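Values quoted throughout were computed directly from the atomic coordinates according to the rules given, and no laboratory measurement underlies them. Bear in mind that the values here come from a model prediction, so they are computed numbers and not experimental data. All Cβ positions, glycine included, derive from the backbone under ideal geometry; neighbour counts span all protein chains shown.
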Amino acid sequence: MPTNTEISARRKRNWAWIWIGYTGFLFIKPILEPSLWLWISTIAALVVFLAVFAGYVRYTDKGEPARYSMIAATFAMGLLTFPWNQGGSTFFVYTAAFLPFTLESTRRVLWLFLVECGLILAETTVFNGIGWPNAFIAIFLVLIIGGGNIFFAEQKRSECKLREAQDENLALAAVAERERIARDLHDVLGHTLSLIVLKAELAGRLIAIDPGRATTEIADVERTARTALAEVREAIGGYRARGLAAEIDAARLTFDSAGVTLIAESECARSAALSPQEETALALILREAVTNIVRHARATTCRLSFVAEAGQRRLIVEDNGQHAESREGNGLRGMRQRIESLGGKFMLERGVDSNRGTRLTFDLPLKEARA
């Protein structure tokens, strides 16, 4: 079964035959000056051209060499026909019409037009029967039809490039959206599942010694799981985060469950200077940083600060845990991509507290500074 592309190409080839109507100019002289020889020669020329034209249409999508040979054959027919039937100038016009759609270089097409016109003039000089008016009419048609087709060919190529660019942009947008969903799911699920694991382990240890507290922790696990489900749905739908202040509260809850002391400066909650996109990015960055500390750092203290200075806003997340792996994983890569997408910078420092600890610094330029 033919594909849509094959059907479209077939329709395009079929519609090309409408231009065969211009061969009617071949029969002007046989009608005005009828003779058996002239009619037979004209019909023979038409039959040969129909075969050449069929080859040109057939090889439209088969590569340039075959199309060049068809164009050359068409021009040769014009040179052979023009001396005894001035209607043969239509073959020159066909040549001029074909060239712009075959060659992408407009300069080369124009040079070939000049060569074509020069050969027409040379043939007119050799064969007195052609007549200079017929030669000038042929040259005029070549330049008019050829020039018009140069415009249409350039327009067609521009439209093709535009469609290709649009298709590429759509593909890039799809890739970016997949990466966005992957980052959001990683941040959302990584943080929330870590909290669920912590609370489940705590509940397991408390069942025997404090059943009431264990029940409370299990209830928190259920509530956190429901929250995770809602956050996954929001992430897929395009919603990024609930805000920086709320994320700080969630970080405090997570650290409490992990036995980590959070020291958050008061300016951390002052996120009014942030745009929604910036606040969302910083909130998800903070979530991922908290997740990494709980999972890998084995820290006892985390210091959080958010300040505006020197033409930028700066978020600093610092812990006193063990060094992270030297290789940049998905979490660090996601944080870097988020901050850099907003024109900001990310810096990672290790060993900031007696050869222990990690400091993450995220800088965002102020709007005035970026303007």
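The simple Förster model, with R0 at 25 Å and r as the Cβ-Cβ distance, assigns residue 349 and residue 181 a FRET efficiency of 0.25. Within the shell of other residues whose beta carbon sits under 9 angstrom from the beta carbon of residue 317, the net charge comes to 0, with Lys and Arg scored +1 and Asp and Glu -1.
Rounded to the nearest Hz, the phi-derived 3J(HN,Hα) couplings of the range 47-53 under the Karplus curve 6.51 cos²θ - 1.76 cosθ + 1.60 (θ = phi - 60°) are 4, 4, 5, 4, 5, 5, 5, where x marks glycine and proline.
Determine the gain in length on full extension of the stretch residue 54-residue 261; use 0.36 nm per residue of separation and subtract their C-alpha separation, reporting nm with one decimal. Write down the numbers at each step before the final one.
On the way: separation 207, 0.36 × 207 = 74.52 nm, distance 8.22 nm.
Roughly 66.3 nm would be gained on extension.
As an exercise, use a Förster radius of 25 Å and the Cβ-Cβ distance of residue 79 and residue 32 to find the FRET efficiency, rounded to the nearest 0.05. Step by step, r from the Cβ atoms, then E = 0.65.
If each residue of separation counts as 0.36 nm, what is the full-extension length gain between residue 137 and residue 215 once their alpha-carbon separation is subtracted?
Full-extension gain reported as 18.2 nm.
Tell me, in nm to one decimal, what length is gained between residue 101 and residue 225 on full extension, where the rule is 0.36 nm per residue of separation less the Cα-Cα distance? Net length gain for the segment: 38.4 nm. Rounded to the nearest 0.05, what FRET efficiency do residue 17 and residue 172 give with R0 = 56 Å and r taken as the Cβ-Cβ distance? Could you check? Efficiency computed from Cβ-Cβ geometry: 0.90.
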